[in-house]
Amino acid sequence: MRVRYCLTEVDYANEWPVRVGVVLRDGSPTHLVAIYCHVATDGHGLDLLTGDLATMDPASGLSTVSTAATPPLAQAQWQQSPAGLQHSAAAITHFERLLRQHPVQRSPALRTSGDRGTGSWCTARRPCSWPSP
């Protein structure tokens with residue numbers, strides 16, 4: 001399922017750049033497959049998503065850990081502060097340097113190593129198995 005999802009081009013005009021499926025064994029879910037295009041989320045967002053899935057209570061679907069986060073207005077205020085602006089400038093410089101080190105092209109073949117440093121475009125990220133009943 002993951003390979004098929006990765007190898008099928010996204011039709012941005014007619015579908016969301018997200019693919020999700022559940023693998024069943026003997027009628028019971030065993031794994032979740034989720035493919036997110038870079039326009040839907042970035043690596044940090046994907047880490048949050050997989051973290052949420054890994055800590056989800058299988059019976060209720062609720063998180064088993066604190067979900068406290070900085071409220072959006074407080075985050076926006078910090079981003080406009082001198083510290084936030086300095087942080088933003090450093091992040092832009094950092095990512096501009098990283099992006100200039102790599103050619104602008106899509107990998108011609110699916111890579112399944114999960115090695116984030118290879119420029120792979122479809123990788124397994126922190127696989128989580130479906131909780132056993």
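Each reported figure results from applying straightforward, stated rules to the coordinates on display, with no laboratory input. Note that the structure is a prediction, hence the values are computed from the model and not measured. No Cβ is skipped: glycine too gets one built from the backbone with ideal geometry, and neighbour counts run over all protein chains shown.
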Simple label model, 7 Å out from Cα along Cβ direction - Gln80 to Thr30, nm
5.3 nm
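Order the peptides 34-47, 64-77 from the highest to the lowest mean number of other Cβ atoms within 10 Å of their residues.
Packing proxy ranking, top to bottom: 34-47, 64-77.
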For the residue pair Met56 and Asp11, what label-to-label distance in nm results when each label sits 7 Å from Cα along the Cα-to-beta-carbon direction?
2.7 nm
